[in-house]
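Take a look at the structure below.
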Amino acid sequence: MESSDIVARYSSMPGGIIEAYHDLVDREGFLSQEAIIAAARCFGVSVAEAYGVATFYSMFSVKPKGKHIVRVCRSAPCHTAGSATMVDALQEQLGIKIGETTPDQRFTLELTECVGQCQATPVFTIDGEPYPGLAPSAVGAVLDSRLHDGYGKEGH
């Protein structure tokens with residue numbers, strides 16, 4: 001199904017552009033330039049406005065993301081507990097920086113706000129599952145055991 005066909009299904013709905021974007025992300029994993037242009041035409045807004053909606057909300061992405069989303073909490077409690085060293089460890093293990101996706105499209109590394117695990121900081125999540133209170137040295141083992149694919153430092 002074409003992006004324009006998907007977008008058109010939401011054309012008469014209040015807030016339809018957001019609903020269309022949700023549907024497109026569910027199907028494609030991100031919002032392509034084609035999809036944003038189709039949304040602009042369908043909803044009678046400029047491409048810049050459609051792009052603004054696509055980039056304003058954290059649940060939308062204008063570039064492909066990996067199969068697994070790894071997010072590090074950047075709230076004050078996690079920051080104080082050393083989330084920066086957790087970021088460093090994840091970047092080293094995955095071989096990417098915050099906001100990037102591994103070349104094989106398996107992992108995207110992002111920052112996030114509080115994930116509700118302040119009792120054991122710092123915390124990161126893999127596909128929404130929290131890993132609270134771990135030492136940065138445990139990152140490789142978590143990636144390996146959680147994903148069963150040898151993606152820690154040795155298997156990278």
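The values are calculated or read from the model by the stated rules, or taken from the named source; none is laboratory data. Since this is a predicted model, take the numbers as computed values, not measurements. When we count neighbours, we look across all protein chains shown, and the Cβ atoms used for this are built from the backbone with ideal geometry, even at glycine. SASA here: full protein model, heavy atoms, side chains in, ligands and nucleic acids out. Shrake-Rupley method; radii C 1.70, N 1.55, O 1.52, S 1.80 Å.
Structure above, values below:
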read-out: Subset of segment 91-133 (residues that are in a loop (DSSP other than H, G, I, E, B), in contact with a Gly (Cβ under 7 Å, 6 or more places away or on another chain) and under 22 Å from A81 (Cα atoms)); value: A120, T121, P122
read-out: Index of the failed condition, A35 passing every other in (1) modelled with pLDDT of 95 or more; (2) open to solvent by 40 Å² or more (accessible area, probe 1.4 Å); value: (2)
read-out: Test result for A54, at pLDDT 95 or above, of a type in the set (G, A, S), open to solvent by less than 30 Å² (accessible area, probe 1.4 Å) and within 17 Å of the chain's Cα centre (by Cα); value: yes
read-out: Candidate set: segment 62-113, residues that are more than 19 Å from A141 (Cβ to Cβ) and acidic (D, E); chosen: the one most open to solvent (accessible area, probe 1.4 Å); value: E113
read-out: Residues that are touching a strand residue (DSSP E or B) at 6+ places or on another chain (Cβ under 9 Å) and of a type in the set (F, W, Y), drawn from segment 59-100; value: none
read-out: Near pairs, Cβ below 9 angstrom, 6+ apart or cross-chain, from segment 2-23 (within 12 Å of A50 (Cα to Cα)) to any residue that is among the hydrophobic types (A, V, I, L, M, F, W, C) and open to solvent by 60 Å² or more (accessible area, probe 1.4 Å); value: A20/M13; Y21/M59
read-out: Test for G116: is it more than 30 Å from I18 (Cα to Cα) and open to solvent by 30 Å² or more (accessible area, probe 1.4 Å); value: no
